[in-house]
1. Taking residue 76 and the conditions (1) touching a strand residue (DSSP E or B) at 6+ places or on another chain (Cβ under 6 Å); (2) surrounded by fewer than 24 Cβ atoms within 10 Å (Cβ to Cβ), which numbered condition does it fall short on, given that it satisfies the others?
2. For the range 1-43, please list each of the helices (runs of 4 or more DSSP H) lying entirely inside it that holds at least 3 residues being surrounded by 19 or more Cβ atoms within 10 Å (Cβ to Cβ).
3. Only one of 109, 97, 73 is assigned to a helix (DSSP H, G or I) and out of contact with any Ser or Thr (no Cβ under 9 Å at 6 or more places or on another chain); which?
4. Quick check on the range 204-214. Is at least one of its residues assigned to a loop (DSSP other than H, G, I, E, B) and either over 19 Å from residue 114 (Cα atoms) or at pLDDT 90 or above (or both)?
5. Quick check on this structure: which one of 231, 196 is buried (at least 16 other Cβ atoms within 10 Å of the Cβ) and either in a helix (DSSP H, G or I) or free of Cβ contacts under 8 Å to residues at least 24 places away in the same chain (or both)?
6. Quick one: in the range 122-140, of everything that is in a helix (DSSP H, G or I) and without any contact (Cβ under 8 Å) to a residue 40 or more places away in the chain, which residue is nearest to residue 240 (Cα to Cα)?
7. I want to confirm something. Restricting to the range 2-45 and keeping residues that are basic (Lys, Arg) and modelled with pLDDT under 90, which single residue is nearest to residue 219 (Cα to Cα)?
8. Being closer than 20 Å to residue 12 by Cα, of a type in the set (Ser, Thr, Tyr) and out of contact with any His (no Cβ under 7 Å at 6 or more places or on another chain): is that true of residue 275 here?
Amino acid sequence: MEIVTKIAPICLALIMLGLGLCLKGEDFIRILKTPKDFFIGFFSQLVILPIVALCVALILNLSAPLAVGLMIIAAAPGGVTSNVLTKFADGDVALSISLTAVVSLISIISVPFVVINSAEFLGAVVPKDVSLIGIALKMALVVTVPVFIGMIIRRFAENFISSKINIINKLTSLLFVIVFVAIWIEEKDNILNYLAQAGLAVLILNVTMMLIAYFIAKKFVSGIAQQKCIALECGLQNGTLAVFVATLMFDDLAYMVPTAAYALTMYITGFIFIYILRKSNQNL
């Protein structure tokens, strides 16, 4: 995994820099204006998603590495992709950006906490040199710091950056693709076997969580646009961050496989979900 371990941190840092360039201070202040919508999305992604992933891993009796890999992708925050597809679905883009920003910043603590504790519960061996604080600090360097740098750059070059948002989003999507192409190239002899093992699990997790999030949002949030946003935010995770965490904590490729499988699945299910929403809205 030498190529992936070198590429993933660089790509992740650039992706998070791109996220920071798309953020303004008001994206955080907006939370205070619609706290209920934000809290439902926040709780669904940060708490319900890992619980659903754990249930899927136990029900399907996944091997420890694949089960922990599933927990890694479930613990990861939403990515820039969720913001783009929320816009495509006519969802609440502002809420999507706020959720992505806040959960991404919190992820430096929430991700290692979920992964380390679930790994011990699922019977995986966590290396002795891996600690919550150590992982959090390493994640902060490639997650939090680039976000703040991006926000500072935008603060001083607002007009220029605003005119380039679409280009920035396309570049971050390309970086995401680069990481997963590297995985396929480096591990092409083994990855199809792993994908066969993890494919059903990630499909169930992805579809189940989008449906749960959608119906929870339908019950509690303020409108249809917010429902779409929260469902997509819970179904489109930051795969590059998940790969980074998997390679940071474990040497076995199996821990990374659910991430790769989920990355392939979430685009297909995401677009199908959007298509169904659009058709249902037309029939109203």
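1. (2)
2. Values: elements: 2-21, 26-33, 35-43.
It comes to 2-21, 35-43.
3. Working: 97 fails: out of contact with any Ser or Thr (no Cβ under 9 Å at 6 or more places or on another chain); 73 fails: out of contact with any Ser or Thr (no Cβ under 9 Å at 6 or more places or on another chain).
Residue meeting the stated conditions: 109.
4. Of all residues in the range 204-214, those assigned to a loop (DSSP other than H, G, I, E, B) come to none.
Scanning the range 204-214, I find no residue that is assigned to a loop (DSSP other than H, G, I, E, B) and either over 19 Å from residue 114 (Cα atoms) or at pLDDT 90 or above (or both), so the answer is no.
5. Details: 196 fails: buried (at least 16 other Cβ atoms within 10 Å of the Cβ).
Of the residues listed, the single one that is buried (at least 16 other Cβ atoms within 10 Å of the Cβ) and either in a helix (DSSP H, G or I) or free of Cβ contacts under 8 Å to residues at least 24 places away in the same chain (or both) is 231.
6. First, the residues of the range 122-140 that are in a helix (DSSP H, G or I): 122, 132-140.
Pick out the ones that are also without any contact (Cβ under 8 Å) to a residue 40 or more places away in the chain and you get 132-134, 136-137, 140.
Details: 132: 20, 133: 21, 134: 19, 136: 16, 137: 17, 140: 15 Å.
Ranking the candidates gives 140 first.
7. At the first step, the residues of the range 2-45 found to be basic (Lys, Arg) are 6, 24, 30, 33, 36.
Okay, now just the ones that are also modelled with pLDDT under 90, so 6, 24, 30, 33.
Values: 6: 44, 24: 30, 30: 21, 33: 19 Å.
Once the filter is applied, the top-ranked residue is 33.
8. Working: closer than 20 Å to residue 12 by Cα: no; of a type in the set (Ser, Thr, Tyr): yes; out of contact with any His (no Cβ under 7 Å at 6 or more places or on another chain): yes.
Against the criterion (closer than 20 Å to residue 12 by Cα, of a type in the set (Ser, Thr, Tyr) and out of contact with any His (no Cβ under 7 Å at 6 or more places or on another chain)), residue 275 does not qualify.
The values are calculated or read from the model by the stated rules, or taken from the named source; none is laboratory data. Because the structure is a prediction, the values reported are computed rather than measured. Glycine gets a Cβ as well: all are built from the backbone with ideal geometry, and neighbour counts include every protein chain shown.
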